[in-house]
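As structure tokens, the structure follows; a few thoughts come after it.
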Amino acid sequence: MIFTTQIKIHGYHLDHYGHVNNARWVELLEEARWRWLEHEIDLTAWDEVGQGLAVLSIAVNYRRPAHMHDTLDFRCHVTKLGGRSAVCRQEVYREGGDEKLLDADVTFVFIDIASGKIRPRDETTGAMLEKYHHHEGRPS
């Protein structure tokens, strides 16, 4: 399964050249991931058990520019799933199109919020991520 959400590009996302700035892309990717989490997980329950996520790395491939008024499809799925970490693949397309504008691999760990230490993921989180897990990065 792939989670998809749409985000419309506004003027504050753009750089001097009229396309989405590389730093703004990272913020847009984060917005899409938060929508995915909010759609699938009771984040209040996470807070109650003290579980959180911490991003370790983001590898972004900028392929084509996006411009003002574009509506973009952000697609998210899991390519690697471990007991304490996972990798989320994000791909971005113009609404209704098949030309990839950007792809990114985001590696994150599960943390104990109080201590900041890495912890194993809980069963609920594991089930949600497994639903979106595609081996070798290729959705089925």
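The values are calculated or read from the model by the stated rules, or taken from the named source; none is laboratory data. Remember, it's a predicted structure, so these values are computed and weren't measured experimentally. A quick note on method: Cβ atoms are made from the backbone with ideal geometry, for glycine too, and the neighbour counts reach across all protein chains shown. The accessibility values were calculated without ligands, DNA or RNA, using every heavy atom of the protein model including side chains. Shrake-Rupley method; radii C 1.70, N 1.55, O 1.52, S 1.80 Å.
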(request) Could you pull out the longest piece of the chain with no exposed loop GluC sites (Glu not before Pro) in it, calling a site exposed if DSSP puts it outside H, G, I, E, B and it has at most 14 other Cβ atoms within 10 Å? (result) 1-94
(request) Leaving ligands, DNA and RNA out of it, report the carbon-plus-sulfur percent of the accessible area of the chain at a 1.4 Å probe. (result) 49
(request) Just check the range 69-140 against the gyration tensor rule for me: Cα atoms, a ≥ b ≥ c as the square roots of the eigenvalues, rounded for a/c under 1.5, and otherwise prolate or oblate depending on whether a/b exceeds b/c. (result) prolate
(request) Report the label-to-label distance for Leu56 and Glu30 in nanometres (one decimal), using points 7 Å from each Cα along the Cα→Cβ vector. (result) 2.0
(message) Let's test the formula: R0 of 22 Å, r as the Cβ-Cβ distance of Thr4 and Asp47. What FRET efficiency results, to the nearest 0.05?
(response) 0.25
(message) Less than 15 Å from a label point 7 Å out along the Cα-to-Cβ axis of Glu40: which backbone N atoms in the range 53-72 qualify, by residue?
(response) 53-54
(request) Report the trypsin sites (Lys or Arg not before Pro) located in the range 30-73 that are in a DSSP loop and have at most 15 other Cβ atoms inside 10 Å of their Cβ, or state none. (result) Arg63
(message) I'd like the distance between the alpha-carbon centres of the range 101-123 and the range 1-66, rounded to an integer number of Å.
(response) 15
(message) If you take every residue apart from Ile118 with its C-beta less than 11 Å away from the C-beta of Ile118, what net charge results, scoring Lys and Arg +1 and Asp and Glu -1?
(response) +3
(message) Give me the net charge for the shell around Asn21: Cβ to Cβ below 15 angstrom, other residues only, Lys and Arg +1, Asp and Glu -1.
(response) -3
(request) On a 0 to 90° scale, report how tilted helix 22-40 is relative to the longest principal axis of the chain, with both axes built from alpha carbons and the result rounded to the nearest 10. (result) 50
